[in-house]
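Right, one structure below, let's go through it.
The values are calculated or read from the model by the stated rules, or taken from the named source; none is laboratory data. What you see is a predicted model, and the numbers here were worked out from it, not measured in a lab. Don't worry about glycine lacking a Cβ; one is built from the backbone with ideal geometry, like all the others, and counts go over all protein chains shown. Ligands, DNA and RNA are stripped out before the accessible areas are found, and what is left, the full protein with its side chains, is counted by its heavy atoms. Shrake-Rupley method; radii C 1.70, N 1.55, O 1.52, S 1.80 Å.
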Amino acid sequence: MNLTTCWWASRRLDRYLDGDPSAVLSSADVRRVERHAATCRRCAGDLAERRRLREALRDLDARRITDPASLERLDAMAAQLRGPGTA
Amino acid sequence: MSVEEMNPGDQGKGRGAPPGYPVVDALDARDDLDLGAARSVSETGDVRFAQWVEPEIEVLLRVAHSLTGSWADAEDVVQDTLIRAYRAIDGFDGRHPRAWLLTILRRTHLNSLRRTRPDLVEDASLERRRPAFGRASVVSPEDVLDERLLDGDIEVALQALDPRFRTVVLLVDVNGLTYAEAAELLDVPVGTVMSRLSRGRTRLRKSLRSRRPRSRRAARDRPGATTEGAGHRPGHDQEEKR
Ligand SMILES: [Zn+2]
């Protein structure tokens, strides 16, 4: 594989996966990353590993369930702050 | 540093607004947060509070958990945050409520640290910190993460991270904040969030790789549910060199 492209792509994999509004990849860059990952085993594996990590971290959020009683208390407090009949 | 400055994709909304959130600065004093004092908010303020603040309560709670490591502490911080937000609502223009709330949350958290762990926090902690890796001279929220929540490989790996990297990973990858929101919360530039995130993720991948060298699907399993028996998990050193 072309090492320059590899380097170029590997530096954009996070942004590619995140799609964060502060660091959007141009659609041309998105296509270039995808074309490269389709033909480069190393970057494809890298991408897959990053995806697995994202999923595992997302799972963690789902497992860290907020205490419903805590949320209820906070919601009640917010309602009390603004007074009844507002929302 | 306002969200607009950090987020070039969002121009148009932010013209002419002063950077930062001066309204929040007025709240810095360590006042007692009694509800009575908040009663001067207008009726419009009440409506805005319901509209802008209340939908964010759960996110605030999760983020506060990432900062404090405990649900009880998180609830306390969010309570104080809500009171401060309520008092400030009349001066808030409604742009980026989440970022605004995260700023209040950060200050509230620092204030509560100052109360409970004065040894860790100095006045300088509310000043803008320079985004130098590992060289902050004062303690920031991410240094005080809890050590209790350990279970599963990924939590172990997270716990082993430098707190600066860990907090950003928690905020962005676990809590789902945008780069700009995490930057606002931590009071660092977006570029710093991105580089910490990248380093944190790279270290996590490395350490998870060394824990489960050959199971390609392992990372999707429940943490802890490895295919290797606990008795013959290979040593990390030899796994590192693959
Ligand atoms: Zn490649």
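Summary of computed values
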item: Candidates A:17, A:3, A:60 - the one that is within 16 Å of the ligand (Cβ to nearest atom) and without any contact (Cβ under 8 Å) to a residue 12 or more places away in the chain; result: A:3
item: Residue in region A:47-56 that is farthest from the ligand (Cβ to nearest atom), counting only those that are open to solvent by less than 50 Å² (accessible area, probe 1.4 Å) and in contact with a Lys or Arg (Cβ under 9 Å, 6 or more places away or on another chain); result: A:56
item: Any pair with Cβ under 7 angstrom, 6 or more apart, that starts in region A:39-55 at a residue that is closer than 15 Å to residue A:3 by Cα and ends at one that is more than 9 Å from the ligand (Cβ to nearest atom); result: A:46/A:13
item: Test result for residue B:57, in contact with a helix residue (DSSP H, G or I) (Cβ under 7 Å, 6 or more places away or on another chain), β-branched (Val, Ile, Thr), assigned to a helix (DSSP H, G or I) and at the interface with chain A (Cβ under 7 Å from one of its Cβ atoms); result: yes
item: Some residue of region B:146-168 being small (Gly, Ala, Ser), modelled with pLDDT of 90 or more and in contact with a Ser or Thr (Cβ under 6 Å, 6 or more places away or on another chain); result: no
item: Residue selected from region A:74-87 under the condition modelled with pLDDT of 85 or more and more than 7 Å from every other protein chain (Cβ to nearest Cβ), by the criterion surrounded by the most Cβ atoms within 10 Å (Cβ to Cβ); result: A:79
item: Odd one out for residue A:14, checked against (1) more than 19 Å from residue B:168 (Cα to Cα); (2) open to solvent by 20 Å² or more (accessible area, probe 1.4 Å); (3) in contact with a helix residue (DSSP H, G or I) (Cβ under 7 Å, 6 or more places away or on another chain); result: (1)
item: Filtered residues of region A:20-44 (kept if within 9 Å of the ligand (Cβ to nearest atom) and either open to solvent by 30 Å² or more (accessible area, probe 1.4 Å) or closer than 14 Å to residue B:172 by Cα (or both)); result: A:39, A:41, A:42, A:44
item: Lone qualifier among A:69, A:9, A:62 - being open to solvent by 60 Å² or more (accessible area, probe 1.4 Å) and either in a helix (DSSP H, G or I) or out of contact with any helix residue (DSSP H, G or I) (no Cβ under 7 Å at 6 or more places or on another chain) (or both); result: A:62
item: Complete set of residues in region B:44-74 that are under 15 Å from residue B:107 (Cα atoms) and more than 11 Å from the chain's Cα centre (by Cα); result: B:73, B:74
item: Region B:122-135, subset surrounded by 16 or more Cβ atoms within 10 Å (Cβ to Cβ) and touching a Ser or Thr at 6+ places or on another chain (Cβ under 9 Å), residue modelled with the lowest pLDDT; result: B:131
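Listed here are the residues, each with its yes/no results for (1) within 7 Å of chain B (Cβ to nearest Cβ); (2) within 30 Å of residue B:64 (Cβ to Cβ).
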| position | (1), (2) |
| --- | --- |
| A:10 | no, no |
| A:14 | yes, yes |
| A:20 | yes, yes |
| A:49 | yes, no |
| A:67 | yes, yes |
